[in-house]
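K.L.:
Please see the structure below; I have some questions.
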Amino acid sequence: QVSLEESGGGSVEAGGSLRLSCVVSGYTYSSFCMSWFRQAPGKERDWVATIVTNGLATYADSVKGRFTISRDKAKKTLYLQMNSLKPEDTAMYYCRVSARPNGVCSSVGDWGQGTQVTVSS
């Protein structure tokens, strides 16, 4: 079964940077999506970024130009480099892996336990 374990969260002042990691194991998809989502208290879980099998990455408008998603195949790790952090980036961050049939990320996937990011002004 798929397992995901996030790490790298913490507290940082506005304008600072953090790098999140997610060790992914057990997936057998030949075509997949690996994503980062975030959820602030009392808010819905929002999509942040996705990287697909061929390396193509997409981002939510709110993080474009500031965040970079990447993966290390050898280490089986997904990353999210977050620069120029803003207080509104404060949230629990989750990684996710899902199949990508027909060129679209499946809505059914596996989630990690999350890692907290707090950005102070």
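The values are calculated or read from the model by the stated rules, or taken from the named source; none is laboratory data. Small disclaimer: the values here were computed from a predicted structure and weren't measured. Don't worry about glycine lacking a Cβ; one is built from the backbone with ideal geometry, like all the others, and counts go over all protein chains shown. Surface accessibility is based on the protein's heavy atoms, side chains included, excluding ligands, DNA and RNA. Shrake-Rupley method; radii C 1.70, N 1.55, O 1.52, S 1.80 Å.
K.L.:
Quick one: would you say Ser84 is in a loop (DSSP other than H, G, I, E, B) and more than 11 Å from the chain's Cα centre (by Cα)?
P.N.:
yes
K.L.:
If you don't mind, another one. Among the residues of the range 68-88, write down those that are touching a residue at least 24 places away in the same chain (Cβ under 8 Å), hydrophobic (A, V, I, L, M, F, W, C) and either open to solvent by 60 Å² or more (accessible area, probe 1.4 Å) or at positive phi (or both). First the steps, then the outcome.
P.N.:
Filtering the range 68-88 for residues touching a residue at least 24 places away in the same chain (Cβ under 8 Å) gives 69, 71, 75-88.
Those left that are additionally hydrophobic (A, V, I, L, M, F, W, C): 69, 78, 80, 82, 85.
Across the range 68-88, there are no qualifying residues.
K.L.:
Here's something else I'd like to know. Only residues that are under 21 Å from Gly65 (Cα atoms) and among the aromatic types (Phe, Trp, Tyr): list them for the range 1-54, please.
P.N.:
Of everything in the range 1-54, those that are under 21 Å from Gly65 (Cα atoms) and among the aromatic types (Phe, Trp, Tyr) turn out to be Trp36, Phe37, Trp47.
K.L.:
With respect to the numbered conditions (1) open to solvent by less than 70 Å² (accessible area, probe 1.4 Å); (2) part of a loop (DSSP other than H, G, I, E, B), which one is the sole condition not fulfilled by Ser107?
P.N.:
The single condition Ser107 does not satisfy is (1).
K.L.:
Another question, then. Would you confirm, using the coordinates I've provided, whether Val63 is in contact (Cβ under 8 Å) with a residue 12 or more places away in the chain, buried (at least 17 other Cβ atoms within 10 Å of the Cβ) and farther than 21 Å from Lys86 by Cα?
P.N.:
On the way: in contact (Cβ under 8 Å) with a residue 12 or more places away in the chain: yes; buried (at least 17 other Cβ atoms within 10 Å of the Cβ): yes; farther than 21 Å from Lys86 by Cα: no.
Here the answer is no, as Val63 does not meet what is asked.
K.L.:
Has the range 31-47 got any residue that is on the phi > 0 side of the Ramachandran plot and open to solvent by 50 Å² or more (accessible area, probe 1.4 Å)?
P.N.:
Within the range 31-47, one or more residues are on the phi > 0 side of the Ramachandran plot and open to solvent by 50 Å² or more (accessible area, probe 1.4 Å).
K.L.:
Quick one: in the range 110-121, of everything that is open to solvent by 50 Å² or more (accessible area, probe 1.4 Å) and more than 18 Å from Asn83 (Cα to Cα), which residue is modelled with the highest pLDDT?
P.N.:
Among those that are open to solvent by 50 Å² or more (accessible area, probe 1.4 Å) and more than 18 Å from Asn83 (Cα to Cα), it is Gln113.
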